[in-house]
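Following: one structure in structure tokens, then a few remarks.
The values are calculated or read from the model by the stated rules, or taken from the named source; none is laboratory data. Treat the numbers as computed from the prediction; the structure is a model and nothing was measured. Every residue, glycine among them, receives a Cβ derived from its backbone with ideal geometry; neighbour counts consider all protein chains shown. To get the accessible areas, we keep the full protein, side chains included, count just its heavy atoms, and leave off ligands, DNA and RNA. Shrake-Rupley method; radii C 1.70, N 1.55, O 1.52, S 1.80 Å.
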Amino acid sequence: MKETPLSNCERRFLLRAIEEKKRLDGRQTYDYRNIKISFGTDYGCCIVELGKTRVLGQVSCELVSPKLNRATEGILFFNLELSQMAAPAFEPGRQSDLLVKLNRLLERCLRNSKCIDTESLCVVAGEKVWQIRVDLHLLNHDGNIIDAASIAAIVALCHFRRPDVSVQGDEVTLYTPEERDPVPLSIHHMPICVSFAFFQQGTYLLVDPNEREERVMDGLLVIAMNKHREICTIQSSGGIMLLKDQVLRCSKIAGVKVLEITELIQKALENDRKVRKEGGKYGFAESIASQRITAFKMEKAPIDTSDVEEKAEEIIAEAEPPLEVVSNPVLWTPGTAQIGEGVENSWGDLEDSEKEEEDEDGTDEAIILDSIKMDIGVEVSNIGSQDAPIVLSDSEEEEMIILEPDKNPKKIRTQTTSAKQEAPSKKPVRKRKKKRAAN
Amino acid sequence: MAEAGGITTESVAGDRARAARTMLDQVVLPGEELLLPEQEDAEGPGGAGERPLRLNAGTRSRGRVVCGPGLRRSGDRLLVTKCGRLRHKEPGGGSSGGGVYWVDSQQKRYVPVKGDHVIGIVTAKSGDIFKVDVGGSEPASLSYLAFEGATKRNRPNVQVGDLIYGQFVVANKDMEPEMVCIDSCGRASGMGVIGQDGLLFKVTLGLIRKLLAPDCEILQEVGKLYPLEIVFGMNGRIWVKAKTIQQTLILANILEACEHMTADQRKQIFSRLAE
């Protein structure tokens, strides 16, 4: 599919916003989006999320004969793929320019910086060496692929364990993971790419551009650095003229950012190591929070509202005073309670109330909402149908969307602190049936 | 009436077709079959081929039932084609017909539907028509004469990259969609080129329908915050403009977040903004 074109209106708005130092998601000029690193059950498998941009990295190894001119060094192979699910514009044949550019940058960053000790990958000189292959897949494109990909690559490499090998004279023994614990790769340093986007011929710069900002940028500067403040790779694309002090300033910013990211990576690796050692559960399934809406989570962006003038008294005067409510908590199972009934959703507010009772019995899974609202005149007539045992599904990938439940502004709403459970069904929209209080 | 036939023609999964009336507001999955009330009576408890005698057969009020989005007629039943919640609306004003059944589903990809008002981006000008990207599989075509007051000499001022608010006159799976910026009387009624400033962003289709519902409170609350202009396209695009960039960004973020917030959280946010 063709990419959605950028309208003049959006372009103008983005540029004006950047001139006023405002970004779409409320970040500051030098702020990164939230980075989240999670590991799979295999060694060497990780997913890195930079905001909504997601990259999956997987490292694998194989014994091969070495290159002729490098008989004592192992072989490193990097491959980044833009999956078709990342963006509608990515089609099997169409992504060559971007793909080549990203792959090349990644190779320079990781191979030429000698972050991995290739001599240690040699088993028998001239005959057998380890070939380490790093496969990166872009799962979702929301800007700044290169940063996410470089973090994923280095995290996967640090996480990976290769089978142990011992050489006695002419005899080479390759141990399986059951015989001997696999050993980590020997990594000297961790180069991480930091991207800077330039606008208006280099006047304004942003760190970690997201997809829209990338569309309107004039040029991109990528600096790959490690925590010892050594620059591994630097690349400027887009043909903008940068001044010397701009580049120096960017390298200083990159130094700071790389330190933070390296700390985060170390922490994530340490956590995973601890969990595996203690025999706890690890893997992607564990890293997904089960008590929250998991898809499209919006992080809180601080919004500066100091320049918004409001007439608060007017709003207060128009609002009606809250009414008294009575709550009867009902205990379903240990750990799950219910106070009050929910309110009918007012979106498509069209069905008869009698039908609701029959429909309640039809559901075979009990569903409990995140926020339970208090209501006047709690109707307990169909509590009986809820006695079915509460089943938590194993799928943590569902998204529970609360349809607009607020029909009557007079009723107050509070959130109970009793145990709440995620909707167990696999259906995309699920909401507990609510009784209409005032009939 | 083939009641026995109705039971033997079950779907492959072995589901019995259920009465649509009992499935209201429940989640239905593609492939399920629903019985309309009149068939339900016929396939009732007897099931042995007997139709209950009715003395007042003429007062069966379920005449013509309209099959809305997410449902398809298969023989004399309704076949569900999208997953979501089944809804029903009684016909208003005592008119004949059994009302409308449809499935409320959630999706982000838009499929052009005739009569929908959408926001499009002009991608090309070729001869007498503009090509407008509406988020579907093909760009829609918009004739330059389809604007209010446009004649062959008096062409509308539309550039590539402009935003257009219009409605579809032709939108089916066999032809390229066509849109116009006038209604059937030749008046613009709000359609046409959208102004220069402001921000365009994309949300899910379900959120748009929710915001455009007649009794939606989100819009009223937003309107109380500060003066704004807003255009909703049924293809998931929203254009918003306020006095300053900051206010516009706040609005865009609120509308995007409204999808996943409860009314409670929303009120908190609005009260914080009101200060």
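Quick notes on this one:
- Take each peptide in A:251-260, B:128-137, count the other Cβ atoms within 10 Å of every residue, and average; sorted highest first, the result is B:128-137, A:251-260.
- Nearest-20 debye value, region B:116-193 charge dipole, Cβ charges on Lys, Arg, Asp, Glu: 360 debye
- Each chain gives up part of its surface: B and A jointly bury about 5400 Å² of accessible area, both sides summed, for a 1.4 Å probe.
- Peptide B:136-143 is shielded by partner chain Cβ atoms: per residue, an average of 1 of them sit within 10 Å of its Cβ.
- Estimated FRET transfer efficiency (A:Ile231, A:Thr173; beta-carbon r; R0 56 Å; 0.05): 0.85
- Note on region A:1-135: dipole from Cβ charges, positive end direction compared against A:Ser96, A:Gly40, A:Thr4; the farthest Cα belongs to A:Thr4.
- Counts of other chain beta carbons within 10 angstrom of each beta carbon in peptide B:197-208 average 3.
- On the basis of the beta-carbon distance and an R0 of 25 Å, B:Gln268 and B:Ala213 show a calculated FRET efficiency of 0.65.
- Normalised convex hull volume, region B:116-193, alpha-carbon set, Å³ per residue: 87 Å³
- Annotation for B:Arg73 and B:Ala124: the two label points, set 7 Å from Cα along the Cα-Cβ direction, are 3.9 nm apart.
- Projecting the Cα atoms of B:His260, B:Gln246, B:Val222 onto the charge dipole of region B:199-274 (Cβ charges, centred on the Cα centre) puts B:Gln246 farthest toward the positive pole.
- Sites matching trypsin sites (Lys or Arg not before Pro) across region A:71-131 that sit in DSSP coil, with at most 11 neighbouring C-beta atoms within 10 Å: none
- Where Rh is the Kirkwood radius over Cα pairs, Rg/Rh for region A:1-97: 1.12
- Put simply, the amide H of A:Lys128, placed in the peptide plane, has neighbours under 5 Å in A:Val123, leaving out anything fewer than 5 places away on its chain.
- Viscosity 0.890 mPa s, temperature 25 °C, Stokes-Einstein D of region B:199-274 from Kirkwood C-alpha radius, µm²/s: 196 µm²/s
- Stokes-Einstein diffusion for region A:8-275 at 4 °C, viscosity 1.567 mPa s, with a Kirkwood radius from C-alpha pairs, works out to 66 µm²/s.
- Other protein chain C-beta atoms within 10 Å of residue C-beta, averaged over A:11-23: 3.
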